[in-house]
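Student: Please read through the structure below; I'll follow up with questions.
The values are calculated or read from the model by the stated rules, or taken from the named source; none is laboratory data. Note that the structure is a prediction, hence the values are computed from the model and not measured. Using ideal geometry, Cβ is built from the backbone for each residue, glycine included, and neighbour counts are taken over all protein chains shown.
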Amino acid sequence: MNNYFIGIDFAKKKFDAVILSECNLNEPGSHRTFENSSKGYVTFLRWVKANGVEDKDTALFCGENTGVYSKLVSDSLARDGHMMWLENPLQIKKSLGLRRGKNDRQDAHDIAEYAARNRDKARLHNAPTTEVEALTFYYSEHRSLTQEKGNLQRIIKMQAPIAAANPYLKAELRKNKQLLESLKQRCKEIVGRMKELVASIPELKRTYDILTSMKGIGVINAVALIIVTNNFTRFDHDARRLCSYYGVAPFAFTSGSSIHGKPHVSHFADSYLKSLISEAAITAIRFCPAISAYAGRLRRRGKHPSIIQNNCKNKMLHILVAMVKNGTKYGEQKISAFA
């Protein structure tokens with residue numbers, strides 16, 4: 001039973017917290033600002049107890065998922081046994097309705113009130129293991145380096161035709177090519193670190209081996225799935241929710257008798273994750289028997305190529321979730337059981 005609701009508004013150097021009691025949701029509540037550090041977290045817990053919150057089961061903490069800014073406090077609360085709800089910032093914003101102006105105290109109050117009025121929808125945050133945390137770091141670095149590598153390749157392509165006749169650009173072109181090679185080498189090192197880390201943890205290796213047994217799923221796609229699902233402890237093995245997170249789940253667009261739009265995917269998704277599964281789908285359509293056959297059926301029905309590719313991404317994620325849930329590699333069970 002939650003009697004207290006603590007809303008936390010995270011920032012880079014500090015965070016604001018507001019405590020609301022169940023019977024006084026419309027009151028300003030108790031407010032204080034803390035340093036976003038381990039020291040500030042200890043002070044925050046003392047303040048919470050000083051405001052009458054003694055039992056962990058009576059308090060629900062809620063904050064916006066702001067990446068690295070919310071990580072320290074939210075992970076610490078989860079590890080210490082507190083009920084911590086890390087919610088999508090857009091979800092909270094859309095629930096507030098029309099607002100004029102903002103400040104940190106009001107934001108923390110709104111988050112606490114949101115937690116109180118939507119407590120039945122709370123999904124408690126689980127702090128990642130040190131291994132998944134390290135994988136997340138490698139994955140983020142690889143993602144950044146891949147984007148830098150792509151930008152540099154475009155610069156080199158643009159410079160190459162002009163550099164032949166310009167002595168100043170020849171030296172720049174040579175340096176850029178050297179930098180590109182160093183980026184490629186660093187990416188290979190990161191992939192190697194990922195493989196070593198996964199191989200050293202039995203639970204991660206089991207999931208990794210299952211995922212990569214399907215044609216099209218390589219190291220980065222497998223690691224991305226492990227990170228996003230926290231080694232498939234998130235989403236409750238619900239493939240539809242995972243597809244929605246990836247931005248490949250179609251949603252209807254109809255209203256009354258006049259609006260009958262075709263189903264479309266939502267743009268509320270991680271574009272990089274979507275690009276990864278897109279690359280996997282291209283490979284799977286060529287080399288994975290089940291996905292290739294599925295794509296062929298869609299072509300014969302006259303479906304547009306973009307619809308075929310999106311449906312194949314959706315199908316792949318459904319199959320991958322079923323494989324992990326059943327603990328079977330691709331080919332060890334009839335594909336019809338996954339679809």
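Student: Just checking, how many residues over the range 192-213 are in a helix (DSSP H, G or I) and either in contact with a strand residue (DSSP E or B) (Cβ under 6 Å, 6 or more places away or on another chain) or of a type in the set (V, I, T) (or both)?
Tutor: Result for the range 192-213: 4.
Student: Oh, and also: Which of the residues spanning the range 241-299 are charged (D, E, K, R) and either in contact with a Lys or Arg (Cβ under 7 Å, 6 or more places away or on another chain) or in a strand (DSSP E or B) (or both)?
Tutor: K262, the sole residue that qualifies.
Student: For T254, all conditions in the list (1) under 18 Å from L211 (Cβ atoms); (2) surrounded by fewer than 16 Cβ atoms within 10 Å (Cβ to Cβ); (3) without any contact (Cβ under 8 Å) to a residue 40 or more places away in the chain hold save one; what is the number of the exception?
Tutor: With respect to (1) under 18 Å from L211 (Cβ atoms); (2) surrounded by fewer than 16 Cβ atoms within 10 Å (Cβ to Cβ); (3) without any contact (Cβ under 8 Å) to a residue 40 or more places away in the chain, T254 is out only on (1).
Student: Could I ask something else about it? So C62 clears everything in (1) assigned to a loop (DSSP other than H, G, I, E, B); (2) in contact with a strand residue (DSSP E or B) (Cβ under 8 Å, 6 or more places away or on another chain) except one condition, right? Which one?
Tutor: Going through the list (1) assigned to a loop (DSSP other than H, G, I, E, B); (2) in contact with a strand residue (DSSP E or B) (Cβ under 8 Å, 6 or more places away or on another chain), C62 breaks only (1).
Student: Additional query: Filter the range 271-288 down to the residues that are in contact (Cβ under 8 Å) with a residue 40 or more places away in the chain and over 14 Å from K215 (Cα atoms) and list them by number.
Tutor: Y272, L273
Student: Does L60 satisfy the condition of being crowded, with 18+ Cβ neighbours inside 10 Å and at pLDDT 90 or above?
Tutor: So L60 passes the test.
Student: When the range 38-57 is examined, which residues are found to be touching a helix residue (DSSP H, G or I) at 6+ places or on another chain (Cβ under 8 Å) and surrounded by fewer than 16 Cβ atoms within 10 Å (Cβ to Cβ)?
Tutor: S38
Student: Considering every residue within the range 210-222, establish whether at least one is on the phi > 0 side of the Ramachandran plot, outside the structural domain of K315 (by TED's automatic domain parsing) and at pLDDT below 95.
Tutor: yes
Student: Tell me which residues, restricted to the range 104-135, are under 12 Å from D9 (Cβ atoms) and without any contact (Cβ under 8 Å) to a residue 40 or more places away in the chain.
Tutor: Q106
Student: Oh, and also: When you go through G150, G101, G97 one by one, which is the residue that is free of Cβ contacts under 8 Å to residues at least 12 places away in the same chain, surrounded by fewer than 16 Cβ atoms within 10 Å (Cβ to Cβ), farther than 27 Å from A11 by Cβ and small (G, A, S)?
Tutor: Of the residues listed, the single one that is free of Cβ contacts under 8 Å to residues at least 12 places away in the same chain, surrounded by fewer than 16 Cβ atoms within 10 Å (Cβ to Cβ), farther than 27 Å from A11 by Cβ and small (G, A, S) is G150.
So that you can scan it fast, the table gives a plain yes or no per residue for (1) within 16 Å of A222 (Cα to Cα); (2) surrounded by 20 or more Cβ atoms within 10 Å (Cβ to Cβ); (3) modelled with pLDDT under 90:
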site	(1), (2), (3)
S275	yes, no, no
A281	yes, yes, no
M323	yes, yes, no
N326	no, no, no
K334	no, no, yes
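Student: Could you say which residue among I319, I291, I308 is without any contact (Cβ under 8 Å) to a residue 40 or more places away in the chain, of a type in the set (V, I, T) and not assigned by TED's automatic domain parsing to the domain that holds T136? Lay out the reasoning, then the answer.
Tutor: Details: I319 fails: without any contact (Cβ under 8 Å) to a residue 40 or more places away in the chain; I291 fails: without any contact (Cβ under 8 Å) to a residue 40 or more places away in the chain.
Going through I319, I291, I308 in turn, the sole match is I308.
Student: Answer yes or no: is there a residue in the range 202-211 that is under 24 Å from Y138 (Cβ atoms), of a type in the set (A, V, I, L, M), surrounded by fewer than 17 Cβ atoms within 10 Å (Cβ to Cβ) and in contact with a helix residue (DSSP H, G or I) (Cβ under 9 Å, 6 or more places away or on another chain).
Tutor: Scanning the range 202-211, I find no residue that is under 24 Å from Y138 (Cβ atoms), of a type in the set (A, V, I, L, M), surrounded by fewer than 17 Cβ atoms within 10 Å (Cβ to Cβ) and in contact with a helix residue (DSSP H, G or I) (Cβ under 9 Å, 6 or more places away or on another chain), so the answer is no.
Yes or no, residue by residue, for (1) modelled with pLDDT under 95; (2) over 20 Å from D57 (Cα atoms); (3) part of a strand (DSSP E or B); (4) of a type in the set (A, V, I, L, M):
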site: N2; (1), (2), (3), (4): yes, no, no, no
site: F5; (1), (2), (3), (4): yes, no, yes, no
site: N24; (1), (2), (3), (4): yes, no, no, no
site: P28; (1), (2), (3), (4): yes, yes, no, no
site: R32; (1), (2), (3), (4): yes, yes, yes, no
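Student: Among what's in the range 104-147 and is of a type in the set (D, E, K, R), in contact with a Phe, Trp or Tyr (Cβ under 9 Å, 6 or more places away or on another chain) and surrounded by 14 or more Cβ atoms within 10 Å (Cβ to Cβ), pick the residue that is modelled with the highest pLDDT.
Tutor: In this case the residue turns out to be R143.
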